[in-house]
Amino acid sequence: MDYATFILLLSLLSTFIYTITISGHRNSRLPPGPYPFPIIGNLLKLGDKPHHSFATLSKRYGPLMSLKLGNRTTIANFPTVVSSPNIAKEFFQTHDREFSSRSVPATGQFVDHHKYSMVWLPVGKQWRRLRRISKEYLFSLQCLDGSEGLRAEKMQELVNHVNQCCAHEKEVHISAIAFTTTLNILSNFIFSTDFAQYVTSSQEFMEVVSALMDAAAKPNLADFFPILKSLDLQGLLRRSNVGMAMGRVWDGIIDQRLQTRSSSSSYDNDITLSTNNDVLDLLLNLQMKDKCEFSRNDMRNLFLELIQHQTHSNGQWSSFFVTQKNETRSEVVEHMRNIIETYKNRISLDSHIYLQAVIKETLRLHPPAPLLVPHQAIQDVEFQGFVIPKNAEILCNVWGMGRDPDVWRDPELFIPERFLNVGIEYKGQDFNLIPFGAGRRICPGLNIAHRILHTMLGSLIHKFDRKFKGNMRPQDMDMEEKFGIVLQRKVPLMVIPTKLYLYLF
């Protein structure tokens, strides 16, 4: 259902169920915001790109404002918050616990996903257990260092594929090959097998993941009016059925591994990372020791989240900015090529200062999740002289933060140099750049995303150049974005690689 149809349906519904007893009166202790209409509240203010709409509204109502979205009160933490670090710190440090719950969308509750999901679980014993297991067995420095050879191998396969495309002057779908590479890194890291091939394409798997992300991202009437949840008027819950198919894939792999282990006369059950054990083995060892500690459902949902979010969180926008203006592209690419050539084999790619700056600038302009994952207040909170009520949804418009002219010089321009010699990181301590969140709900996969992003860009930057079909100019490319939990290009980036170097991200 497109946005226009959604608004029409919403208007008809609001007309049908309108009642004068539902008032648009605002609580005077809430942060300022637009006056809500009865029933629908401020829904018509959202538009099809809420992060843009919220940034515009914040210019009138300030860096902290409240909106009424159907039956839901939303408190939005908007662009100019980064001009006052104390406000950001209050949200993610001082009041981190009070705002640590999650506002779970209806699609996140399908097949009880929210009961096992580290993303949607409230902070508590179960969430802490899953977070600890993920940190120890998936995202620890030991695990990531141990998988460095795997990432290098998969990056070489990517380079080989692009080389073949060069030879045949074949167009490359940037998102598709980035997806395939990331998917195979993760599937080998977890299961020791490839899930996709470049030649046969990973389109089917990509469509499954995209369907899940789209269903979770689209405005859902059931989220604004819970009484409509069982009707599924937009078919979003039905679209979430594809998640069950992925669950069956995990079950098949797990059952096959268990059969292999049971038929082996001896097996290393020590819960340590070894050259023979992948993540699945480590988690099965954990399950054997204590099924209550880590269940099959925990395993399914953990795999689903890792594949779903990591394969779609590797930004696809720096390629566009570096191709939009040839002079910018030439400067950035030549600088990076010289650095990589000079220090090749001496330091890891994610240690290159300029490469880091390019990634940071990309994440500033186009963070993977423009509004982060919604938080929820677990109690009434006094905040900056206002009251944020219990169960209010908390949004943080990091897209708007990255474009605040009070914080960033020439915020719409792609200037990696702004991050040189300033010590700004995106790991949750610098509140003017938090594309992965901050506090206890910061993205647990940040470190692996960091390594994949840098390795993928650095592996290709000094090997290939690019041209466009029909001699299209970079500045004529369609840069329109498609809003979702993960920000994507509306028109896929297609290039024809040529020998020298290709700027993918």
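The values are calculated or read from the model by the stated rules, or taken from the named source; none is laboratory data. As the structure is a computational prediction, the values presented were derived from the model and not from experiment. Glycine gets a Cβ as well: all are built from the backbone with ideal geometry, and neighbour counts include every protein chain shown. Each accessible area value is taken on the protein alone, full model and side chains, heavy atoms only, with ligands, DNA and RNA left out. Shrake-Rupley method; radii C 1.70, N 1.55, O 1.52, S 1.80 Å.
A few remarks follow.
- Selection within the stretch 153-162 - surrounded by 13 or more Cβ atoms within 10 Å (Cβ to Cβ) and touching a residue at least 60 places away in the same chain (Cβ under 8 Å): Met155, Leu158, Val159, Val162
- Ala377 fulfils the conditions (1) surrounded by 21 or more Cβ atoms within 10 Å (Cβ to Cβ); (2) out of contact with any Lys or Arg (no Cβ under 7 Å at 6 or more places or on another chain) except for a single criterion, (2).
- Applying the set (1) open to solvent by less than 30 Å² (accessible area, probe 1.4 Å); (2) farther than 18 Å from Phe224 by Cα; (3) touching a Gly at 6+ places or on another chain (Cβ under 8 Å); (4) modelled with pLDDT of 80 or more to Trp127 leaves exactly one unmet item: (3).
For every residue, the table says whether it meets (1) at pLDDT below 90; (2) closer than 24 Å to Lys89 by Cα; (3) over 16 Å from the mean Cα position of the chain (by Cα).
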{"site": "Ser351", "(1), (2), (3)": "yes, no, yes"}
{"site": "Thr362", "(1), (2), (3)": "yes, yes, no"}
{"site": "Gln376", "(1), (2), (3)": "yes, yes, yes"}
{"site": "Gln379", "(1), (2), (3)": "no, yes, yes"}
{"site": "Lys390", "(1), (2), (3)": "yes, yes, yes"}
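- Any hit, the stretch 43-60, residues being closer than 16 Å to Phe386 by Cβ and either open to solvent by less than 80 Å² (accessible area, probe 1.4 Å) or at pLDDT below 80 (or both): yes
- Evaluation of Tyr426 against (1) modelled with pLDDT of 85 or more; (2) of a type in the set (Ser, Thr, Tyr); (3) farther than 23 Å from Lys135 by Cα (one fails), failing number: (3)
- Considering residues of the stretch 403-435 that are crowded, with 19+ Cβ neighbours inside 10 Å and farther than 20 Å from Ile353 by Cα only, the residue farthest from the chain's Cα centre (by Cα): Asp404
- Test: residue in the stretch 13-24 that is part of a helix (DSSP H, G or I), farther than 25 Å from Ala377 by Cβ, modelled with pLDDT under 75 and open to solvent by less than 50 Å² (accessible area, probe 1.4 Å): yes
- Met456 closer than 30 Å to Lys499 by Cβ, open to solvent by less than 10 Å² (accessible area, probe 1.4 Å) and not β-branched (Val, Ile, Thr): yes
- Filter result for Asn397 (surrounded by fewer than 21 Cβ atoms within 10 Å (Cβ to Cβ) and either over 25 Å from Pro32 (Cβ atoms) or in contact (Cβ under 8 Å) with a residue 60 or more places away in the chain (or both)): no
- Between Leu355, Leu372, the distinction of being open to solvent by less than 10 Å² (accessible area, probe 1.4 Å), hydrophobic (A, V, I, L, M, F, W, C) and closer than 30 Å to Leu141 by Cβ belongs to Leu355 only.
- Scanning the stretch 436-445 for residues that are hydrophobic (A, V, I, L, M, F, W, C) and open to solvent by less than 10 Å² (accessible area, probe 1.4 Å) gives a single hit, Ala438.
- Checked against (1) assigned to a loop (DSSP other than H, G, I, E, B); (2) open to solvent by 20 Å² or more (accessible area, probe 1.4 Å); (3) in contact (Cβ under 8 Å) with a residue 60 or more places away in the chain, Trp120 passes all but condition (3).
- Only one entry in Phe303, Phe320 is at pLDDT 75 or above, aromatic (Phe, Trp, Tyr) and buried (at least 22 other Cβ atoms within 10 Å of the Cβ), namely Phe303.
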